[in-house]
Amino acid sequence: MQHSMMWKAQQMGALTFYTHDIRAYSTTAYRQVDDTPYGGGGGMIMKVDVLVRAIEAVRGDDTCPVILTSPQGRVFTHNVALELAQHPRLVLLCGHYEGVDERVRHFITDDISIGDYVLTGGELAAMVIIDAVVRQLDGVLGAEGGAANESHADGLLEHPHYTRPASFRGLDVPDVLQSGNHEAIAKWRRKQALARTWQHRPDLLRRAQLSEEDKYLLGEVARAAAEARRDGRQFF
Ligand code: ADE
């Protein structure tokens, strides 16, 4: 939170960030926040009474989303980030240990997973969510085109980028990018974005809104890839 965009967002007043120690809401002498599971088995479960006390202390008003980070939640995507960026305040509750008492679900509004893998705790997931949401806030990304031009913003992966030197160990920047022909550059970038998405994330391509020109460019990509395959050349 002390670097780059997250720092800038705080400096410009777009983001205020608080951390709360859940142990502060425990009532036991040892500030216990977890206990053994009913029914036996290993691991520790976060206690519902402590979590609900914490939620109620920080939530502020009933319309504020309370999001539990857990591998069971709905998967975090660009669209979820856009949705969350509409709220003036969010509470992120970081799950830990083996899990949380199931009854806490009655006191949250959302359950979000950042991907199909299990983290030790929800803090890293919360940081990922905060970062992606804050980038969508007005003014945070500045003049360089802002969040609207990034990968995923239009349902595609981004085109490749290059900067000086124009040639490095035999690897050259594509001529078109040095041509000064803005129309040709825009078309090349769009085709590259389509090609990359086709190669790495065909699932995104199936859902993306494609123009007739996009479909034509994709046809060209597919034909060139098929030719390269036939000739035993590498295409991507
Ligand atoms: N906590 C543990 N694993 C997680 C995941 N994949 N996403 C969000 N929170 C988590």
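Values computed for the structure shown
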item: Residue among Arg23, Arg31 that is among the basic types (Lys, Arg), in a loop (DSSP other than H, G, I, E, B) and farther than 16 Å from Asp131 by Cβ; result: Arg31
item: Pick from region 46-83, criterion among the hydroxyl-bearing types (Ser, Thr, Tyr) and outside any loop (DSSP other than H, G, I, E, B), ranking: surrounded by the fewest Cβ atoms within 10 Å (Cβ to Cβ); result: Ser70
item: Any hit, region 134-148, residues being closer than 26 Å to Val66 by Cα and within 16 Å of the ligand (Cβ to nearest atom); result: no
item: Criterion violated by Asp203 - all others in (1) among the charged types (D, E, K, R); (2) in a helix (DSSP H, G or I); (3) within 16 Å of the ligand (Cβ to nearest atom); (4) open to solvent by less than 70 Å² (accessible area, probe 1.4 Å) satisfied; result: (3)
item: Filtered residues of region 148-193 (kept if surrounded by fewer than 16 Cβ atoms within 10 Å (Cβ to Cβ), part of a helix (DSSP H, G or I) and not β-branched (Val, Ile, Thr)); result: Ala148, Asn149, Asp175, Gln178, His182, Glu183, Ala184, Ala186, Lys187
item: Total residues in region 94-147, condition open to solvent by 50 Å² or more (accessible area, probe 1.4 Å), among the β-branched types (Val, Ile, Thr) and more than 18 Å from the chain's Cα centre (by Cα); result: 2
item: Given (1) modelled with pLDDT of 95 or more; (2) of a type in the set (Ser, Thr, Tyr); (3) out of contact with any strand residue (DSSP E or B) (no Cβ under 6 Å at 6 or more places or on another chain), index of the condition Ser113 fails; result: (3)
item: Which numbered condition Arg105 fails, given (1) under 30 Å from Leu210 (Cα atoms); (2) within 15 Å of the ligand (Cβ to nearest atom); result: (1)
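The values are calculated or read from the model by the stated rules, or taken from the named source; none is laboratory data. In this text the structure is predicted, and so the values were computed from the model without any measurement. Every residue, glycine among them, receives a Cβ derived from its backbone with ideal geometry; neighbour counts consider all protein chains shown. When the accessible area is computed, the model is the full protein with side chains, heavy atoms only, and any ligands, DNA or RNA have been set aside. Shrake-Rupley method; radii C 1.70, N 1.55, O 1.52, S 1.80 Å.
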